[in-house]
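Before any comments, here is the structure.
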Amino acid sequence: MNLKEALQFVEPHLKKSRFEHTKRVVETAVDLADFYQADIEKVELAAALHDYAKYRDKEEMKRWIIEESLPKDLLEFHHELWHGPVGSLLLKKEAGIKDTNVLSAVRWHTTGKAGMSLIEKIVFIADYIEPGRDFPGVDEVRHQVKLSLDLACWMALRNTIQFLMSKKQTIYPDTFHAYNDFTSRLS
Ligand code: DGI
Ligand code: FE
Ligand code: FE
């Protein structure tokens, strides 16, 4: 599957604004892949497909998590966290994607995890800084992303954790694991 095919594949599954977001994530991710010498074809594919399951029915996603080998603890956390892992599963089943680098970048794009690969980091941070995003602190992360990818990821995780805490929301363990991992690598 090439980029054009991937975009055609996801478009019917997304709202218009989400599809526009997806195209901006692709552009941002490709620019970073070029800068950091990552595999551009894999990065653009993962970026194009990353929100594939975003609008799947909650009950359907719950069933996939129960039936397939996905972590059951996801069910104890906000359903917003399910579309990455369920998306990577469904891309395997429904789009025949086999590349584990692409699938894992989709899988971890929301929470991050400890020991992220270059492709995983690029998709994660492109989703956070694409030009349509307006999170508090996002400009600082945009400024940092070509100085240190790890520091940019650390900042994004810190901002997300702070945001979730301020809203009294639970934080998925892998979000903390990602944050801790970047913190120790950077110190
Ligand atoms: O799918 P997108 O909107 O493009 O972006 P995303 O996949 O990063 O999802 C963003 C949402 O996920 C945002 O509302 C914050 C939330 N989120 C990220 N990490 C965690 C989290 N929510 C909870 N409850 N816990 C987390 O660890
Ligand atoms: Fe997402
Ligand atoms: Fe996204």
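Only the coordinates and a few stated rules stand behind these numbers; no lab work does. All values derive from a computational prediction rather than experimental measurement. FYI the Cβ positions are ideal-geometry reconstructions off the backbone, even for glycines, and counts take in every protein chain you see.
Overview of values
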read-out: Cα-projected label distance for Asn101 with Thr183, points at 7 Å along beta-carbon direction, nm; value: 3.1
read-out: Span per principal axis, largest first, for the Cα atoms of the stretch 115-187 (Å); value: 32, 28, 21
read-out: Net charge over other residues, Cβ less than 14 angstrom from the Cβ of Glu130 (K, R count +1; D, E count -1); value: -3
read-out: Dipole magnitude of the stretch 143-187, debye to nearest 20 (Cβ charges: Lys/Arg +1, Asp/Glu -1, about Cα centre); value: 180
read-out: For the chain: relative contact order, % (alpha-carbon pairs under 8 angstrom, 6 or more apart); value: 21
read-out: Hits among lysines - C-alpha to C-alpha of Lys62 under 22 Å, sequence gap 8 or more where chains match; value: Lys15, Lys54, Lys72, Lys92, Lys93, Lys113
read-out: Shape of the stretch 3-134, Cα gyration tensor, a/c cut at 1.5; value: prolate
read-out: Kyte-Doolittle mean at least -0.5 and Cα axial length at least 24 Å: DSSP H helices in the chain; value: 149-166
read-out: Unit charges on C-beta of K, R, D, E only; dipole of the chain, Debye; value: 340
read-out: Net charge contributed by nearby residues that have their C-beta within less than 12 Å of Thr22 (K/R +1, D/E -1); value: -1
read-out: Anisotropy class of the stretch 63-174 from Cα gyration tensor, a/c 1.5 cut; value: oblate
read-out: Among Leu70, Leu49, Met116 - extreme Cα towards positive end, dipole of the chain, charges at beta-carbon; value: Leu70
read-out: Positive-end extreme of charge dipole, the stretch 97-187 - chosen from His143, Thr100, Ser166 (charges on Cβ); value: Ser166
read-out: The chain - mean residue ellipticity at 222 nm from DSSP helices (-39,500 (n - 2.57) per run, n ≥ 4, rounded to 500); value: -20000 deg cm²/dmol
